[in-house]
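The values are calculated or read from the model by the stated rules, or taken from the named source; none is laboratory data. Only a predicted model underlies this, so the values are computations on that prediction, with no experimental measurement involved. Glycine also receives a Cβ, built like all others from the backbone with ideal geometry; neighbour counts cover every protein chain displayed. Protein only, heavy atoms only, side chains kept; ligands, DNA and RNA dropped before computing areas. Shrake-Rupley method; radii C 1.70, N 1.55, O 1.52, S 1.80 Å.
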Amino acid sequence: MNLSLGFPEFDEAGIPEPIRKRSEGLDGAVTRFEALHNEGHPSIRAVHRQAASEGSYVPLPESLPAGITAALQRRGVGRLYSHQGQAHQHTREGRNVTIVTPTASGKTLCYNLPILETMLATPSARALYLFPTKALAEDQLHELHGLIEECGSDLKVFTYDGDTPQDARRAIRERANVVLTNPDMLHTGILPHHTKWAKLFENLRYVVIDELHSYRGVYGSHLANLMRRLQRICRFYGTKPQFICCSATIANPRELAEALTEQPFELVSENGAPAGEKFFVFYNPPVVNQQLGIRRGYLAESKRVAQDLIERHLQTLVFTNNRLATEVLTKYLKDANERGPLPETAVRGYRGGYLPKERRAIEKALREGEIRAVVATNALELGIDIGSLDAVVLAGYPGTIASTWQRVGRAGRRQSASIAIMVASSAPMDQFIIEHPEYFFGSSPERASVNPDNLEILLSHLKCAIFELPVKRDETFGPHDAGELCEFLKEFGFIHPSGDAWHWISDTYPADSISLRAITSDNFVVIDTTREARVVAEVDFPSALTTLHEKAIYLHEARQYQVERFDYDGRKAYVRAVECDYFTDAIDYTQVRSIEEFAARPIQFAHVKHGEARVNRQIVGFKKIKFYTMENIGAGHLSMPEQEMHTTAWWLHLTERFLAQFADLTPLEKQNGLTGLGNALRTVAAFLLMCDPRDLGLAYSDEPLTEGARIEPNLYLYDAYPGGIGLSEPLYRATNTLLANALELMRACHCDSGCPSCVGPVGEVGDQGKAVAIRFAEALISNQRTPEEPPF
């Protein structure tokens, strides 16, 4: 396939043609893709046009002080978008409000405007802004500070996070009218020291939660408990702040806001902002082996698409779904541009683990047009201002419709036309989306779910709450009887009853040991020892076990480092810069055992259940994968510490009588069929639950299906977090739908014997794996007799 997109040439000095020519180039790109699609090219699955739209406006509110009105008019803002006007009205009338509009629709002004209006009238009022990342808080600081200066006001606005110098912290606590921070700092640096923040809490009028949609799953469950602690402290100081939440488009923004804060909300969802024309191309890499269903590697194809855009002088953002893919693709693009006219820094990587100073420099260079392309994880998905980009390439489906639109919205942010191209991987979810574009474009974005009552998360935050203020015996924490929970904590020696309250007596600092983004804590520091020892990155605990084991090749900004020593106890990894033609991929062994059944029901000759399970996981080795060809060129054995967790799970118990229906199959064929069925069920489960596929683990009974033994295997889908995050129960209720959709996925796939897009590759499931998996599913569905409740 010729992917030359027909963009206009640039002159010898490398100076771009005028914006008009740039638009013509985008038109040429779209024309090219549309022509290929109309010709029936098998790789172009859809070219979707989203028309430009006019804005809907309302006058500036008459209640605004003259200083704010003048400042807005100097910025060219003589009126508000309709959703900004609605948000302002709700806030002025004292209601909590959630604003859900697309990327780049001016949500910042929805909360800045009413808050500044209040503070100019009542200078003692305080506001707390919460952003999911430090980078976003820093970005919004500049926006708010500039507006305040133009108003001629002396209101003080500061960020307060881990990078704030110690000598500045006291002044911020005393003087700040608006504090911009993140949940982590609120958790460890503000709430536990609330007496130092008395001035803030005594006058707290507003709490802003930006990027609301990012608080789901474990992170959202932690934030809900953090909000319980925040409001508890506010009640102690005699205040009840008003909440303003902003979100990208999800299905249940008001429900999510109310779940996180346990307060009622008004919803503003009609977008009044204008939007530029956007084109969205679905690209499926061509099949190279029809029998095995193998397609060209999606990273190599993403590199080809992105490189064409780069050579045509389009500023491009490439999104990947994990750190390894980011580093591999960054290396591919840097190698491709090595001998060209572009400087070495024209292509950069961007992900969590880069040091803050490095990330800020990349954001600034992208904003100012000094970088032609950035390869990023979801770290750039949120609303950081990176200027007006021309194109977005998605290397793989992001996992949710909401996240996909959020990433696509990063191009054309200033009402300019833009193009987005999604390159599908061979993963079943990618293939389902890319081959069913009508499902994607016709579906509403997903629901965001949280489970603040996860026992491990709940007890962790209750410990923090007792540390902050003694808990009275008749007090509630959320809907729970805090006294009953305190009786449990007493057994561990953390707390002690005195009078009518429970008091913290341990010498530990509970917030320090609780990570909001995982239920395990402790990050690993990566230390480069090539010359002088220096810290180059920080890696979260689960990722460290798979990326920083000894002999691993750790990738950072496309540079390769070999891990020389992995200090598990000290949470450090010592690396040395190397030049090699491969990267490493960890191999893990997972064992699951059921502990307690919460519910069970028969599917004739089989049973479906959900309950508590124990998961043991160990990294046992690694593969060496060659760049570009993706060949497996070697392997190594490891003996890493085993990790154990208790979680919740859905599982399918296949009885001996069920398996007896398949007497014509060998034990190995049955095992392969079970593996294939599990792969299909996991894909469909992620759709039904609208969760990230990585939130679900897949495992099977350890015993092989041997001849002559009474074996009744279990197939487990488990919550991949200690204590569970509430996925197994709705999955149990949706079992019939789960099985039916898995059967449809397998039947609809065009491969002969199995492929990565349905049950897994033939090498994993064998020649008969797909056929046997289909037979298993058909037998389970034909025997269903129990009516099913809706999953939610």
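Take the conditions (1) assigned to a loop (DSSP other than H, G, I, E, B); (2) open to solvent by less than 50 Å² (accessible area, probe 1.4 Å); (3) free of Cβ contacts under 8 Å to residues at least 60 places away in the same chain; GLY621 misses just one of them, which is (1).
Test GLU270 against the stated conditions and say whether it is out of contact with any Lys or Arg (no Cβ under 8 Å at 6 or more places or on another chain) and without any contact (Cβ under 8 Å) to a residue 24 or more places away in the chain. Judged against the criteria, GLU270 is not a match. Return the residue satisfying two criteria in turn: it lies in the range 658-698 and is among the acidic types (Asp, Glu) and closer than 18 Å to LYS770 by Cβ, and of such residues it is least open to solvent (accessible area, probe 1.4 Å). The extreme case among them is GLU669.
Limited to the range 191-206, what total is found for residues that are under 27 Å from the mean Cα position of the chain (by Cα) and buried (at least 22 other Cβ atoms within 10 Å of the Cβ)?
1
Quick check on the range 419-455: of everything there that is among the charged types (D, E, K, R) and at pLDDT 80 or above, which residue is farthest from ALA742 (Cα to Cα)? Checking each candidate, the answer is ASP453. Note on the range 369-398: residues that are more than 26 Å from HIS313 (Cβ to Cβ) and either modelled with pLDDT of 85 or more or open to solvent by less than 10 Å² (accessible area, probe 1.4 Å) (or both) total 2. Looking across the range 660-695, the residues that are charged (D, E, K, R) and not in a helix (DSSP H, G or I) come down to ASP664, ASP692.
Please go through the range 311-327 and pick out each residue that is open to solvent by less than 10 Å² (accessible area, probe 1.4 Å) and touching a Leu at 6+ places or on another chain (Cβ under 7 Å). Can you show your working first?
Pass one, the range 311-327, residues open to solvent by less than 10 Å² (accessible area, probe 1.4 Å): 314, 316-320, 325-327.
Listed by number, the residues that qualify are THR316, LEU317, VAL318, PHE319, THR320, ALA325, GLU327.
Just so you know, in the range 745-777 the residues that are loosely packed, with under 14 Cβ neighbours inside 10 Å and part of a helix (DSSP H, G or I) include one that is modelled with the highest pLDDT, and it is ARG747. For the range 559-573, filtering for residues that are under 17 Å from LEU638 (Cα atoms) and aromatic (Phe, Trp, Tyr) leaves 2.
Only one of these is under 30 Å from CYS691 (Cβ atoms), in contact with a strand residue (DSSP E or B) (Cβ under 6 Å, 6 or more places away or on another chain) and open to solvent by less than 40 Å² (accessible area, probe 1.4 Å): LEU458, LEU516, LEU462. Name it. Before the answer, list the steps.
Working: LEU458 fails: in contact with a strand residue (DSSP E or B) (Cβ under 6 Å, 6 or more places away or on another chain); LEU516 fails: in contact with a strand residue (DSSP E or B) (Cβ under 6 Å, 6 or more places away or on another chain).
Matching residue, one of LEU458, LEU516, LEU462: LEU462.
Residues of the range 583-597 that are of a type outside the set (S, T, N, Q) and either in contact with a Pro (Cβ under 7 Å, 6 or more places away or on another chain) or farther than 21 Å from TYR350 by Cα (or both): ALA586, ILE587, ASP588, TYR589, VAL592, ARG593, ILE595, GLU596, GLU597.
Considering only the range 284-299, how many residues are open to solvent by less than 40 Å² (accessible area, probe 1.4 Å) and out of contact with any helix residue (DSSP H, G or I) (no Cβ under 7 Å at 6 or more places or on another chain)?
In the first step, residues of the range 284-299 are kept if they are open to solvent by less than 40 Å² (accessible area, probe 1.4 Å); the result is 284-286, 293, 299.
After this cut, where a residue has to be out of contact with any helix residue (DSSP H, G or I) (no Cβ under 7 Å at 6 or more places or on another chain) as well, the list is 286, 293.
Counting residues in the range 284-299 that are open to solvent by less than 40 Å² (accessible area, probe 1.4 Å) and out of contact with any helix residue (DSSP H, G or I) (no Cβ under 7 Å at 6 or more places or on another chain) gives 2.
Those helices (runs of 4 or more DSSP H) of the range 39-125 in which 2 or more residues are under 30 Å from ILE419 (Cα atoms), open to solvent by 20 Å² or more (accessible area, probe 1.4 Å) and in contact (Cβ under 8 Å) with a residue 24 or more places away in the chain occupy 107-121. Within the range 147-189, restricting attention to residues that are among the β-branched types (Val, Ile, Thr) and out of contact with any helix residue (DSSP H, G or I) (no Cβ under 6 Å at 6 or more places or on another chain), the residue that is surrounded by the fewest Cβ atoms within 10 Å (Cβ to Cβ) is THR164. Scanning the range 207-243 for residues that are β-branched (Val, Ile, Thr), surrounded by 19 or more Cβ atoms within 10 Å (Cβ to Cβ) and not in a helix (DSSP H, G or I) yields VAL207, VAL208, ILE209. Taken together, ILE294, ILE310 contain a single residue that is among the β-branched types (Val, Ile, Thr), within 21 Å of ARG410 (Cβ to Cβ) and modelled with pLDDT under 95, which is ILE310.
Among (1) open to solvent by less than 40 Å² (accessible area, probe 1.4 Å); (2) in contact (Cβ under 8 Å) with a residue 12 or more places away in the chain, there is one condition GLY570 misses while meeting the rest; what is its number? So GLY570 meets the others, but not (2).
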